[in-house]
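Colleague: Sharing a structure with you now.
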Amino acid sequence: MMSGNMTDEGVGGYEYWSLMDSVLFCFTVITTIGYGNVAPRTFNGRLFVILYGLVGVPFTMLAIANLGKFLATVLKSWTRPFVRCAR
C-alpha cells in the first residue's frame, strides 16, 4: 500500500501524490495525528493546510462526539433489559 518513497517525482521538482497519499495526509491533518512524512512544500499549499485544519479539526471532533453519543444510546438500549432483570 504505502512504500518508503511516498511520492513520484514530477515536473519542475514538484512531487505528485497518489490518491492514497492524499487521503492519508488529509486524515492525519483533521485527526491531529500528524505523522509528518508527507507535507506540502509551497507557501500556498501550507496556507491551505492550515485553513483546512482549522475547519476540519472541529468538524472531526464534532463527528466523533456525535458517534459517541449514538453508541452510548445504543448501548443503553441494549443493556436496559439486563438492568431490569438484575433489580
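The values are calculated or read from the model by the stated rules, or taken from the named source; none is laboratory data. Note that this is a predicted model, so its numbers are computed, not measured. Here the Cβ positions follow ideal geometry from the backbone for every residue, glycine too, while neighbour counts run over all protein chains shown.
Colleague: Regarding Met2, is this residue at pLDDT below 90 and either in contact with a strand residue (DSSP E or B) (Cβ under 8 Å, 6 or more places away or on another chain) or surrounded by fewer than 10 Cβ atoms within 10 Å (Cβ to Cβ) (or both)?
Modeller: no
Colleague: To continue, here is another question. Is there a residue being aromatic (Phe, Trp, Tyr), within 15 Å of the chain's Cα centre (by Cα) and surrounded by 12 or more Cβ atoms within 10 Å (Cβ to Cβ) anywhere in the stretch 22-30?
Modeller: Applying the first criterion (aromatic (Phe, Trp, Tyr)) to the stretch 22-30 yields 25, 27.
Among the residues that remain, those that are also within 15 Å of the chain's Cα centre (by Cα) are: 25, 27.
Filter once more, so that each one left must be surrounded by 12 or more Cβ atoms within 10 Å (Cβ to Cβ): 25, 27.
For the stretch 22-30, residues aromatic (Phe, Trp, Tyr), within 15 Å of the chain's Cα centre (by Cα) and surrounded by 12 or more Cβ atoms within 10 Å (Cβ to Cβ): present.
Colleague: If we scan the stretch 62-85, do we find a residue that is part of a helix (DSSP H, G or I), surrounded by 10 or more Cβ atoms within 10 Å (Cβ to Cβ) and in contact with a helix residue (DSSP H, G or I) (Cβ under 8 Å, 6 or more places away or on another chain)?
Modeller: So far as the stretch 62-85 goes, no, none of its residues is part of a helix (DSSP H, G or I), surrounded by 10 or more Cβ atoms within 10 Å (Cβ to Cβ) and in contact with a helix residue (DSSP H, G or I) (Cβ under 8 Å, 6 or more places away or on another chain).
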